[in-house]
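K.L.:
Sharing a structure with you now.
The values are calculated or read from the model by the stated rules, or taken from the named source; none is laboratory data. Note that this is a predicted model, so its numbers are computed, not measured. Using ideal geometry, Cβ is built from the backbone for each residue, glycine included, and neighbour counts are taken over all protein chains shown.
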Amino acid sequence: MARVVLINDGNLEPIKLLTKNLCKTSGINSDKIWIGDMEESDDNISSDIIVLNKINPSPALTKAMKKTADGGAVVLNSDEKNIAGIRMFKPVKLITYGLNPKSSVTASSIDMDGRISVQCCIQRSFENLLGDVLEPQEFLVSSGDISLNVYDVLAAVSVSLLCGASVKNFSRGYALLPVYSHV
């Protein structure tokens with residue numbers, strides 16, 4: 001089971017649900033992926049993937065970073081200023097996402113006309129947790145949930161790819177169901 005810890009100063013549900021939908025679209029059993037925040041995470045179990053979106057540095061963040069599994073991944077929002085000085089405590093895969101051209105995963109176009117569609121771009125090769133290499137390429141991810149922002153989409157795409165999701169399913173134009181309801 002892949003363990004993903006999301007660290008965000010906001011609502012985590014959109015990223016959780018979109019990640020599960022992207023994995024499901026690729027045929028990955030979403031029951032094999034645990035996604036939660038630091039409070040939900042078991043202190044005795046290391047995390048395979050840590051996602052840092054909008055955060056403020058804290059002792060809890062340092063503790064979470066130390067709990068990253070050897071060979072695991074840290075996924076950073078490269079546009080977030082508070083993330084700039086994050087310290088890695090062990091060898092991990094570092095995957096960045098954002099709108100700047102130096103990000104590992106970025107968006108080459110964004111359409112928000114009744115849904116959100118993001119033309120995602122893998123800027124440089126990286127290895128997922130299964131050892132498969134993802135080469136630079138572009139693919140489309142769409143969701144009926146207009147409340148998602150591009151950073152939620154890029155974070156979910158990055159995590160899904162690290163868990164073994166295939167971009168083939170995204171680029172074939174699979175329209176994802178709405179993933180978050182405002183109840």
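K.L.:
If Thr96 satisfies all but one of (1) at pLDDT 75 or above; (2) in a loop (DSSP other than H, G, I, E, B), what's the number of the condition it fails?
P.N.:
Here Thr96 clears every test but (2).
K.L.:
Within the stretch 90-103, work out how many residues are in contact with a Gly (Cβ under 9 Å, 6 or more places away or on another chain) and either of a type outside the set (Val, Ile, Thr) or farther than 23 Å from Gly131 by Cβ (or both).
P.N.:
Qualifying residue count for the region: 3.
K.L.:
Please go through the stretch 104-127 and pick out each residue that is in a loop (DSSP other than H, G, I, E, B) and either touching a Gly at 6+ places or on another chain (Cβ under 8 Å) or farther than 23 Å from Asp70 by Cβ (or both).
P.N.:
Within the stretch 104-127, Met112, Asp113, Gly114, Arg115, Gln123 meet the criteria.
K.L.:
Which one of Ile116, Ile110 is surrounded by 12 or more Cβ atoms within 10 Å (Cβ to Cβ), farther than 16 Å from Val159 by Cβ, of a type in the set (A, V, I, L, M) and in contact with a helix residue (DSSP H, G or I) (Cβ under 6 Å, 6 or more places away or on another chain)?
P.N.:
Result of the check over Ile116, Ile110: Ile110.
K.L.:
Inspect the stretch 128-150 for any residue being within 17 Å of Leu18 (Cα to Cα), in contact with a strand residue (DSSP E or B) (Cβ under 9 Å, 6 or more places away or on another chain) and assigned to a helix (DSSP H, G or I) and give the result as yes or no.
P.N.:
yes
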